[in-house]
1. Going by the conditions given, is G87 surrounded by 16 or more Cβ atoms within 10 Å (Cβ to Cβ) and in a loop (DSSP other than H, G, I, E, B)?
2. For the stretch 50-62, what are the residues that are over 16 Å from T111 (Cβ atoms) and surrounded by 12 or more Cβ atoms within 10 Å (Cβ to Cβ)?
3. Within the stretch 126-148, is there a residue that is assigned to a strand (DSSP E or B) and closer than 30 Å to Y36 by Cα?
4. Take the residues in the stretch 93-116 that are of a type in the set (D, E) and either part of a strand (DSSP E or B) or touching a residue at least 40 places away in the same chain (Cβ under 8 Å) (or both), then tell me which one is nearest to G62 (Cα to Cα).
5. I'd like to check something: does the stretch 137-152 contain any residue that is closer than 24 Å to V58 by Cα and open to solvent by 50 Å² or more (accessible area, probe 1.4 Å)?
6. Exactly one condition in (1) on the phi < 0 side of the Ramachandran plot; (2) open to solvent by less than 60 Å² (accessible area, probe 1.4 Å); (3) modelled with pLDDT of 85 or more is not met by T37; state its number.
7. Quick one: count up the residues across the stretch 159-174 that are closer than 30 Å to V61 by Cβ, touching a residue at least 12 places away in the same chain (Cβ under 8 Å) and either open to solvent by 100 Å² or more (accessible area, probe 1.4 Å) or among the acidic types (D, E) (or both).
8. Is it the case that K48 is modelled with pLDDT of 90 or more, outside any strand (DSSP E or B), charged (D, E, K, R) and under 14 Å from F125 (Cβ atoms)?
Amino acid sequence: TENQNIIDIFFGPYKNTQALYIVSRGPGITLRRIHYTKGEDNRSPTAKIQIKDADDTVFSVGQEIQLDGRQSSDPDDDSLTYVWDFGDGSTAEGDERPKHSYKKKGQYRITLKVEDEGGLQDFDFVTVTIGVPPTVQMLSPEEGELFSVEQELRLSGRGIDSTGKDAALLWEVR
């Protein structure tokens, strides 16, 4: 798949046999399962999640998100069934283009499972962030300011949440 990097390959159980699993990362994480079909001609489908009209994956609490699985495909042109897991305890089945909104801030992993007529499956994942992260402004040290080894530095900054209120900052110095 375009811009996918393999991050893990392993053998694992599948039905009454073994399969080769390939985990790749690109825009999202993809898990592929390859198994020997003993002469069957059925090939595995490919799951693909898209988010309609979204340049990124950050949304507001209660904002409706239009998901789209229509880019999923089957090389044998089998019809596909769609099962969505929204990561918040709710699911949807059979819908290529479900809509979903979240009631709480946080990160949620959305999973799409597609299955073809022969029972072969594929999964795609995307993580969405609900609640716009704060904007951070570094006040000191200023950009380009020079300092020497063992010099004490005073760190200061300001965080502003999506409603314009001050947000707490947590510092980590390495």
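The values are calculated or read from the model by the stated rules, or taken from the named source; none is laboratory data. Note that the coordinates shown come from a computational prediction; the quantities given were computed from them, not determined experimentally. Methodologically, a virtual Cβ is constructed for each residue, glycine included, from the backbone with ideal geometry; neighbour enumeration extends over all protein chains shown. For accessibility, only protein heavy atoms count, side chains too; no ligands or nucleic acids. Shrake-Rupley method; radii C 1.70, N 1.55, O 1.52, S 1.80 Å.
1. Details: surrounded by 16 or more Cβ atoms within 10 Å (Cβ to Cβ): yes; in a loop (DSSP other than H, G, I, E, B): yes.
It is true that G87 is surrounded by 16 or more Cβ atoms within 10 Å (Cβ to Cβ) and in a loop (DSSP other than H, G, I, E, B).
2. At the first step, the residues of the stretch 50-62 found to be over 16 Å from T111 (Cβ atoms) are 52-56, 58-62.
The answer is A54, V58, F59, S60, V61.
3. Initially, the stretch 126-148 is screened for residues assigned to a strand (DSSP E or B), giving 126-130, 135-140.
Cutting the leftovers down to closer than 30 Å to Y36 by Cα gives us 126.
Yes, because at least one residue in the stretch 126-148 is assigned to a strand (DSSP E or B) and closer than 30 Å to Y36 by Cα.
4. In the first step, residues of the stretch 93-116 are kept if they are of a type in the set (D, E); the result is 93, 95-96, 115-116.
Subset that is either part of a strand (DSSP E or B) or touching a residue at least 40 places away in the same chain (Cβ under 8 Å) (or both): 93, 115-116.
Details: E93: 21, E115: 30, D116: 33 Å.
Checked the stretch 93-116; the qualifying residue nearest to G62 (Cα to Cα) is E93.
5. Keep residues of the stretch 137-152 that are closer than 24 Å to V58 by Cα, which gives 137-138.
When the remaining residues are screened for being open to solvent by 50 Å² or more (accessible area, probe 1.4 Å), the result is 137-138.
Yes, because at least one residue in the stretch 137-152 is closer than 24 Å to V58 by Cα and open to solvent by 50 Å² or more (accessible area, probe 1.4 Å).
6. (3)
7. Going through the stretch 159-174, the residues closer than 30 Å to V61 by Cβ turn out to be 159-172.
When the remaining residues are screened for being touching a residue at least 12 places away in the same chain (Cβ under 8 Å), the result is 159-162, 167, 169, 171.
Now restrict to residues that are either open to solvent by 100 Å² or more (accessible area, probe 1.4 Å) or among the acidic types (D, E) (or both): 161, 171.
Counting residues in the stretch 159-174 that are closer than 30 Å to V61 by Cβ, touching a residue at least 12 places away in the same chain (Cβ under 8 Å) and either open to solvent by 100 Å² or more (accessible area, probe 1.4 Å) or among the acidic types (D, E) (or both) gives 2.
8. Numbers: modelled with pLDDT of 90 or more: yes; outside any strand (DSSP E or B): yes; charged (D, E, K, R): yes; under 14 Å from F125 (Cβ atoms): yes.
Yes; evaluated as a whole, the condition is true for this residue.
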